[in-house]
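**Student:** Starting off with a structure, shown below.
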């Protein structure tokens, strides 16, 4: 009788262990499916963000190219014997405008702040994502340097070294064209730096999109 009871008890224990193991496996499988869906949703949203960023970066490149051409037209004219017209004034005010770039980084920040970056097990993809957003920060430095030059130097010049009453007499309003020429030359350098950084990040967008597409297959 005792032997029968022992066998029965052992069988019950084994059944319970098997049941717990099955339940644990099913729960783990459900979690994996949930994590996989969440990861794919993150990657889909991230791809959408990067595609929007690329569109803005490409627009910035075109705008910067236009302003580089304007600077190259302005420099030979300033402090020369050539007669000035309103085009010079218009061109100066055109390069005062500057392009901003604010990346759509909500998905990336959520990945980082929530700790869900661990869902992306592909080391290469994870590295490319982190490097891409790090490159955005370096590009922001180039944008800040350019904007500072416009505000601190060109903006200051247009306020303190121009006599706009001269326009009504058909004359250009710039009082110190050598100073203005040097400012435009400096701006041309920062335009080049800004364009190169923007182009680099636009290409980085393509690389990251390709990596995401590969992961979503």
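The values are calculated or read from the model by the stated rules, or taken from the named source; none is laboratory data. Bear in mind that the values here come from a model prediction, so they are computed numbers and not experimental data. Cβ sites come from the backbone with ideal geometry, for glycine too, and all protein chains shown count toward neighbours.
**Student:** Can you name the residue in the stretch 189-200 that is in contact (Cβ under 8 Å) with a residue 60 or more places away in the chain and surrounded by 18 or more Cβ atoms within 10 Å (Cβ to Cβ) and, of all such residues, is farthest from residue 67 (Cα to Cα)? Talk me through it step by step, then tell me what you get.
**Tutor:** Taking the stretch 189-200 as the starting set, the residues that turn out to be in contact (Cβ under 8 Å) with a residue 60 or more places away in the chain are 191-192, 194-195, 198-200.
Now restrict to residues that are surrounded by 18 or more Cβ atoms within 10 Å (Cβ to Cβ): 191, 194-195, 198.
On the way: 191: 8, 194: 11, 195: 11, 198: 14 Å.
Across the stretch 189-200, the extreme among qualifying residues is 198.
**Student:** Another question about this same structure. Taking the condition on the phi < 0 side of the Ramachandran plot and outside any helix (DSSP H, G or I), does residue 67 pass? Break it down into steps so the answer makes sense when it comes.
**Tutor:** On the way: on the phi < 0 side of the Ramachandran plot: yes; outside any helix (DSSP H, G or I): no.
Answer is no for this residue.
**Student:** Sticking with this structure for a sec: Test each condition in (1) within 30 Å of residue 58 (Cα to Cα); (2) touching a residue at least 24 places away in the same chain (Cβ under 8 Å) for residue 203 and report the one that comes out false.
**Tutor:** Result: residue 203 passes all but (2).
**Student:** Regarding residue 184, is this residue closer than 30 Å to residue 39 by Cβ, in contact (Cβ under 8 Å) with a residue 24 or more places away in the chain and in contact with a helix residue (DSSP H, G or I) (Cβ under 6 Å, 6 or more places away or on another chain)?
**Tutor:** Spelling it out, it is not the case that residue 184 is closer than 30 Å to residue 39 by Cβ, in contact (Cβ under 8 Å) with a residue 24 or more places away in the chain and in contact with a helix residue (DSSP H, G or I) (Cβ under 6 Å, 6 or more places away or on another chain).
**Student:** OK, next. Checking the condition at pLDDT below 95 and within 16 Å of residue 67 (Cβ to Cβ), which residue from 155, 170 passes?
**Tutor:** Only one candidate passes the filter, namely 155.
**Student:** Separate question: Quick check on residue 185: is it modelled with pLDDT under 90 and more than 29 Å from residue 206 (Cβ to Cβ)?
**Tutor:** For residue 185, the condition - modelled with pLDDT under 90 and more than 29 Å from residue 206 (Cβ to Cβ) - is not met.
**Student:** Mind checking whether some residue in the stretch 198-217 is in a loop (DSSP other than H, G, I, E, B), closer than 30 Å to residue 37 by Cβ and modelled with pLDDT under 95?
**Tutor:** yes
**Student:** Also, I was wondering about something else. Kindly check whether there is at least one residue in the stretch 115-129 that is out of contact with any strand residue (DSSP E or B) (no Cβ under 9 Å at 6 or more places or on another chain), in contact (Cβ under 8 Å) with a residue 60 or more places away in the chain and under 19 Å from residue 195 (Cα atoms).
**Tutor:** No, there is no match, as no residue in the stretch 115-129 is out of contact with any strand residue (DSSP E or B) (no Cβ under 9 Å at 6 or more places or on another chain), in contact (Cβ under 8 Å) with a residue 60 or more places away in the chain and under 19 Å from residue 195 (Cα atoms).
**Student:** Here's a follow-up. Within the stretch 27-48, does at least one residue satisfy the condition of being surrounded by 13 or more Cβ atoms within 10 Å (Cβ to Cβ), modelled with pLDDT under 65 and in a helix (DSSP H, G or I)?
**Tutor:** The answer is yes, given that some residue of the stretch 27-48 is surrounded by 13 or more Cβ atoms within 10 Å (Cβ to Cβ), modelled with pLDDT under 65 and in a helix (DSSP H, G or I).
**Student:** Separate question: Name the residues in the stretch 142-175 that are without any contact (Cβ under 8 Å) to a residue 40 or more places away in the chain and within 27 Å of the chain's Cα centre (by Cα), would you?
**Tutor:** Listed by number, the residues that qualify are 144, 148, 151, 152, 153.
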